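Below is a structure I'd like to ask you about.
Derivation of every value follows stated rules applied to the coordinates shown; laboratory data play no part. Small disclaimer: the values here were computed from a predicted structure and weren't measured. For neighbour counting, all protein chains shown are included, and Cβ atoms are generated from backbone atoms with ideal geometry for every residue, glycine included.
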Amino acid sequence: MGDPASRFGGLARMRMLEALAAASAPLSVSDLGAAIGVDQPRASRLVQQGVAHGFVRREADPDDARRTRIALTDEGRRMAKGVKGERREALGKALAAFTDDERTELARLLNKLADNWS
């Protein structure tokens, strides 16, 4: 199976697709950068690469003609969904070796980590 992110060239680009898939509407480049934790110039380069690969498209912002918003193409949506499924499958395989008690304890510890993450 390999690293699914390598098919698109990196984790930042996969995070971009996942952020766009999770968004309820297309995002500005600045909002996309904030969602994936990169600065605006890096987000802009990621968008350019995504457009070149056919995974994202730019569209006019209906509220501000000077701005564009970024949306997934059908191919980008398939890519994001496929990677999510591959991660879910890999996690399922890894957790298969855990007992029920170990899975319960892992869930408890992950929740504790999430609750204390700043």
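Return the aspartates and glutamates within reach of Lys81: Cα separation strictly under 18 angstrom, same-chain partners fewer than 8 residues apart disregarded; answer none if there are no such residues.
Counting by Cα, and skipping residues close in sequence, Lys81 has these aspartates and glutamates nearby: Asp3, Glu18, Glu89.
Still on this structure, please answer the following. Using Cα-Cα distances under 8 Å and only pairs 6 or more residues apart, what relative contact order does the chain have, in percent?
Once divided by the residue count of the chain, the mean separation gives 22 percent.
Which of the peptides 60-69, 106-115 is most tightly packed, and how do the rest follow, judged by the mean count of other Cβ atoms within 10 Å per residue?
Ranking the peptides 60-69, 106-115 by packing returns 60-69, 106-115.
Given the rule -39500 (n - 2.57) for each run of at least 4 DSSP H residues, summed and divided by the residues of the chain, what is its mean residue ellipticity at 222 nm, to the nearest 500 deg cm²/dmol?
About -20000 deg cm²/dmol.
With each label point set 7 Å from Cα along the Cα-Cβ vector, what nm distance links Leu106 and Arg77?
3.2
Also: Below 16 Å, Cα to Cα, which aspartates and glutamates can Lys112 reach? Residues fewer than 8 away in the same chain don't count.
Answer for Lys112, where 16 Å is the Cα cut-off: Glu102, listed by chain and number.
Using a Gaussian network for the chain with springs between C-alpha atoms less than 10 Å apart, which of these wobbles most: Leu11, Leu72, Leu20?
Leu11
Let me make sure I get this right: for the range 46-118, a, b and c are the square roots of the gyration tensor eigenvalues over alpha carbons, sorted descending. Under 1.5 in a/c it's rounded, otherwise prolate if a/b > b/c, else oblate. Which is it?
oblate
Can you list the residues, at least 5 places off or on another chain, whose amide H is less than 5 Å from the amide H of Thr73, using H built in the peptide plane?
Excluding prolines and chain starts, which carry no amide H, the hits are Val56, Arg57.
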